[in-house]
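See below for the structure under consideration.
Quick note: the coordinates plus some simple rules give every number you see, no bench work behind them. Just so it is clear, the structure is predicted and the values come from calculations on it, not from any experiment. When we count neighbours, we look across all protein chains shown, and the Cβ atoms used for this are built from the backbone with ideal geometry, even at glycine.
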Amino acid sequence: MMGSMTQRFDGHVVVVTGSATGIGEATALRFASEGAAVACLDINVEENEATAEAVKTLGVDAVALACDIRSRSDQEAAFAVVVERWGRIDTLVTSAGVYVGGPLSEISAEHWDDIVAVNLTGVLISNSLASLTMAAQGRGSIVNISSMAGKTSWPESAEYSATKSGVIGITRSAAMELGPSGVTVNAVCPGNTLTAMVRDVAHEVGERLGMTGAEWLEMRAADTAVKRLADPSEIAGVIAFLASDDARYLTGQAIEVDGGIILS
Ligand SMILES: NC(=O)c1ccc[n+]([C@@H]2O[C@H](COP(=O)([O-])OP(=O)(O)OC[C@H]3O[C@@H](n4cnc5c(N)ncnc54)[C@H](O)[C@@H]3O)[C@@H](O)[C@H]2O)c1
């Protein structure tokens, strides 16, 4: 890094789940660009190692940890590596998540169990493990990635909406519980953000509505106030703000970062 200018996250240790791609990847790079060391936790080993390498080129320390967040033992092992390496965790960002959609009548037990395991159980375990270290430090911030689907809804999205509303529930309770220990807990609810996930959703939902994925994305963009979809870096910027000193009095919130789509 150049010169001696202090940066917002100098000396911070940030754990990002779902760091291999999309919003998690953009978040890892954003924190690194402002001085933080980053632990990258993802099930997609190859892409996750690429994220950690990209983080290191920004002049900070990084580690890629293969971790299926559905597994408590995987997460315990990953968090143990982080604490062993850096001795602290300043920020946790839970971006690992999956989308499953479809009519109520077609919901399968397998799909339901899996989406709950990743989007809800996985997030709960991450919060639980990070809270141990953060409470002992007397300081920390947790940013859980929910979705606008956690606040509002639309047809054929019951499973996803249920898990993303659940993330807001975890966030609110954790904020109350960890506040006395100096830990803030917030959720970010992104609107449609240009990642691999949204392209899959566009293809699937578009097909059901008789349009192409690209047409569905154009329709979604038209529904926002700003007339475009988000770049992952725009979600990462808000996540970084929530982890910054400027947001120390902000906790228990679920913030829509959706270009105003929820207004339409
Ligand atoms: N893209 C959007 O429009 C959008 C909108 C609202 C909310 N979100 C949420 O943002 C988060 C990130 O999504 P994204 O758009 O960046 O998608 P993405 O698919 O690019 O990223 C999700 C990441 O999670 C990882 N992951 C999935 N299952 C995992 C598991 N069991 N263990 C560990 N890692 C796992 C994937 O490998 C991937 O790297 C998700 O929670 C998603 O629900 C996305």
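Numbers below:
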quantity: Among 217-227, 45-55, the order from most to least packed when residues are scored by Cβ within 10 Å on average; calculated: 45-55, 217-227
quantity: Gap separating the Cα centres of the range 139-189 and the range 1-70, nearest whole Å; calculated: 22
quantity: Neighbourhood charge, 14 Å Cβ-Cβ cut-off, centred on Ser126 and excluding it, Lys, Arg +1 and Asp, Glu -1; calculated: -2
quantity: Estimated [θ] at 222 nm from DSSP helical runs (n ≥ 4, -39500 (n - 2.57)) normalised by residues in the chain, nearest 500; calculated: -14500 deg cm²/dmol
quantity: Assigned charges on the beta-carbon of Lys, Arg, Asp, Glu; the chain dipole about Cα centre (debye); calculated: 840
quantity: Rounded FRET efficiency, nearest 0.05, which uses the C-beta distance separating Ser128 from Ile262 and R0 of 41 Å; calculated: 0.90
quantity: Whole-number D in µm² s⁻¹ for the chain, Kirkwood Cα-pair radius fed into Stokes-Einstein, 25 °C, 0.890 mPa s; calculated: 133
quantity: Highest-MSF residue in the chain out of Ser19, Ser128, Ser108 [GNM, Cα springs under 10 Å]; calculated: Ser108
quantity: For the chain, built as a Gaussian network whose Cα springs stay under 10 Å, the top-fluctuating residue of Leu124, Leu92, Leu132; calculated: Leu132
quantity: Charge dipole magnitude, Cβ of K and R +1, D and E -1 - the range 111-264, Cα centre, debye nearest 20; calculated: 440
quantity: For Val93, net neighbour charge (Lys/Arg +1, Asp/Glu -1) across residues whose Cβ lies under 13 Å away; calculated: -2
quantity: Protection proxy ranking, peptides 68-79, 136-147, average beta carbon neighbours within 10 Å, highest first; calculated: 136-147, 68-79
quantity: Summed side-chain charge close to Ala236 - residues other than Ala236 whose Cβ falls under 12 Å, Lys, Arg +1, Asp, Glu -1; calculated: -3
quantity: Percentage of interatomic Cα-Cα distances in the range 11-59 larger than 12 Å; calculated: 50
quantity: Packing rank of 230-239, 198-207, where each peptide gets the mean count of other beta carbons within 10 Å, highest leading; calculated: 230-239, 198-207
quantity: Sequence-distant lysines (8 or more away, or on other chains) whose Cα lies within less than 24 Å of Lys227; calculated: Lys151
